[in-house]
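One structure below.
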There are 2 protein chains.
Amino acid sequence: MNILRASDIREILKITQRPEVISFAGGLPAPEFFPTREIADAAVRVLERSGTTALQYSPTEGHTPLRRWIATRMNTKWGTTLSQDEVIITTGSQQGLDLIGKIFLDRNDVVICESPTYLGAVMAFNTFRPRWVEIPTDEAGMEMHALEAALKRETKVKFIYVVPNFQNPSGRTWSLERRKSLLALAIRHKVPVVEDNPYGELRFAGEPIPAIQSMEGGDQVVSLGTLSKVFCPGLRVGWLAARRVFLDRLIIVKQGADLHSSTFDQMVASEYLESYNIDDNIARIIVAYKKRRDVMVRALELEMPRGVKFSHPEGGLFLWVELPPGINSRTLLKRCLEHDVAFVPGGSFFPAHNRENTLRLNFSNMPEDRIVEGIRRMATAIKAIMRETAKAEGARAIVE
Amino acid sequence: MNILRASDIREILKITQRPEVISFAGGLPAPEFFPTREIADAAVRVLERSGTTALQYSPTEGHTPLRRWIATRMNTKWGTTLSQDEVIITTGSQQGLDLIGKIFLDRNDVVICESPTYLGAVMAFNTFRPRWVEIPTDEAGMEMHALEAALKRETKVKFIYVVPNFQNPSGRTWSLERRKSLLALAIRHKVPVVEDNPYGELRFAGEPIPAIQSMEGGDQVVSLGTLSKVFCPGLRVGWLAARRVFLDRLIIVKQGADLHSSTFDQMVASEYLESYNIDDNIARIIVAYKKRRDVMVRALELEMPRGVKFSHPEGGLFLWVELPPGINSRTLLKRCLEHDVAFVPGGSFFPAHNRENTLRLNFSNMPEDRIVEGIRRMATAIKAIMRETAKAEGARAIVE
């Protein structure tokens, strides 16, 4: 079922390639912040200095200087205590999810996830046909009594999958307390935690919250990261970080999956990270995305009818909308596409349950004036549907 | 078991990174033929002209001009009738194998393969825990009566996996007749054929033989290709080519596996292929590899004792050696490593059976003088083991 939904999304993305479409559908970073010239310079330097290495097969684990940079970065930003040997490079963090599925999941094994959860994880893990157990969430993360009940009830839980910072699709960030409670429960039930953190560096305000992996007992956490949101996604540089007990198995399945990730991309990324200050780039991205989030939130506040709720994420790329009950976001999408506005219906992000009155908005990829115009058109469509629904109900009430 | 062997190979490859080691172990192309400067120029042009596209997320299927180039190339070289929509780009052809495993294999399904077969395929497919049925081979390919018997006997055959040109590890090329017979049997038993062709362009002599996919009934063939051996492996550009009935499912699992292959690598490869004549590069590679094969064959003929047999491949990167029965190539490897010579013991290439008196030699990656020296040292070690074995048997004969 979710596989069909994934292809729905590919269809939406095709439509959004038309330049007149205002798209809140993708999860695309803003291309104007790709350090294109620096990457060109880095590529030339890598090929001049070590072309035969950069174009040759290379170790499955990844390029050593890049692994070292990532371990240091994670330890500095997220409080972990990783060595370079505890990091392997993957072909985007999407591949990390696939490899995790491969080592943990057999048919009918249970994956515990947030409700809603990241669609890419649903796609990756569904290849192995697990059963999904969604845990209700509030503004601080999973509801712990529900998680505890699931861990007590389910016997085949292979891991708990969470995106604790600016989650895709909800934009939610977990509190420190909730992270600690999750890990305590995971330790008590001897269940690994998969901590996916693609957006953590894109914080617009407030202080970063330490990674679950950095906490006492974090040895049973496998974490995923990526350069896609802070550098560029076209080079497909992601990573898995974990103690060797997990990593050794991940390396073996990685070897079977693609031998190794692009040597060239890894060395170009590494050369960029050594030669330039990525924090300057991240600072520029944050200023722009924060502004776009503000513009989108203000437009939603101004345009949307009462009964439409939306999240106020402190970072990342996404904002989550709940329509009044009974309004299906797929119906809304059809209407919006007629007016050249696209988004992703929320149903796709619920692998087990479904809430068709939700939707995800991406605010990173459109300039501000188009955000305002797009939200205005969406609000017009929502109001029209609400009026029609009310009229139909009124008519039914008269007939009945 | 084979997973352990894969890690053995990684150990061997680590040893061979020491510069004093004469390595016939890897499958590495000769880096002196990587078009390094052209790739640097192509990378700069791609980033200047279309940097924001090259560094952004891109469609799962791959970069359209590259897919078009590959379809045309295959149709010209191998007689297929593929459109660009029937080609998708993969992260090296290793990923193609993984994706094929994902759509076809469940636990205990049967894969039919040549005996010996490509170790990378064994690694990729073993993730899905199939049962392997090896078909004996002679100089022209699989023995057809054995294949027919297997197809009649086995009920859960999901596909037949073959490398018809300059096979890894044997160096063998299938005859036209044998290709036709294989396809006829596959059609009769309604079993797909997976045709892996990484080395086909590296033919030193004689005429290319049409692909199985190009023949009547070739619609049930899924083929794999790669730029790794004719361009460079560091960019990880491979492909899958098949009718859409297969390809649609492969695209969905590819999306779950890594979203898409490196946009940058695909566009740089495409720019290279449009701007330069890859046939010039292939011609240079062929001249060098042919010379190296000749040098290795001559050294083997000169140095090896009677009872050591070896193949005479017409192309590719590998040559296959059979030691006298009773001589274990793992024992030989230990001895050779003491003298700084490495190769891959043949046992790794037999997923079901095992023939420990075989080994694979790579001739593409070492200069000619080191090939001669390495074969000389190997021959010395083999002769020593043969003498010791004979002495031990003699001693036993006296005692008994």
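Every read-out reported here was derived from the displayed coordinates using simple, explicitly stated rules and does not represent laboratory data. Model, not experiment: these values are computed from the prediction. Cβ sites come from the backbone with ideal geometry, for glycine too, and all protein chains shown count toward neighbours.
Numbers at a glance
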item: Within a Gaussian network of chain B (alpha carbon springs, distance under 10 Å), most fluctuating of B:190, B:180, B:14; result: B:14
item: Helix-only [θ]222 nm of chain B, DSSP H runs n ≥ 4, -39500 (n - 2.57) each, per residue, nearest 500; result: -15500 deg cm²/dmol
item: Three-way shape call for the stretch B:162-277 based on the alpha-carbon gyration tensor, with the a/c threshold at 1.5; result: oblate
item: Among B:192, B:31, B:345, residue whose mean-square fluctuation peaks in a GNM of chain B (springs only between Cα atoms under 10 Å); result: B:31
item: Cleavage-rule hits (trypsin sites (Lys or Arg not before Pro)) in the stretch B:315-400: DSSP loop, at most 11 neighbouring Cβ within 10 angstrom; result: none
item: Cα-Cα over 24 Å, subset of A:334/A:383; A:309/A:383; A:334/A:391; A:77/A:229; A:158/A:229; A:229/A:290; result: A:158/A:229
item: Relative contact order [Cα under 8 Å, 6+ residues apart], chain A, whole percent; result: 24 percent
item: Chain A - charge dipole about Cα centre, Lys and Arg +1 at Cβ, Asp and Glu -1, debye rounded to 20; result: 700 debye
item: Inter-probe distance in nm under a simple model that places probes 7 Å from Cα toward Cβ, at residue A:153 and residue B:145; result: 6.2 nm
item: Stretch gain in nm, segment residue B:188-residue B:301, where the contour uses 0.36 nm per residue and the Cα spacing is subtracted; result: 36.3 nm
item: Cα shape, the stretch A:36-276, gyration tensor, a/c 1.5 rule; result: prolate
item: Cα shape, the stretch A:301-393, gyration tensor, a/c 1.5 rule; result: oblate
item: The stretch A:164-221 and the stretch B:48-112: distance between their alpha carbon centers, rounded to Å; result: 36 Å
item: Cα-projected label distance for residue A:392 with residue A:32, points at 7 Å along beta-carbon direction, nm; result: 4.1 nm
item: Magnitude of the charge dipole, the protein assembly as shown, Cβ model with Lys/Arg +1 and Asp/Glu -1, debye to 20; result: 1200 debye
item: Two-site FRET efficiency, residue A:106 against residue A:14, from Cβ-Cβ distance with R₀ of 30 Å, rounded to 0.05; result: 0.30
item: Inter-centroid distance (Cα atoms) of the stretch A:259-299 relative to the stretch A:116-148, Å; result: 27 Å
item: DSSP bridge orientation in the stretch A:36-276 - percent antiparallel, rounded to nearest 5; result: 40 percent
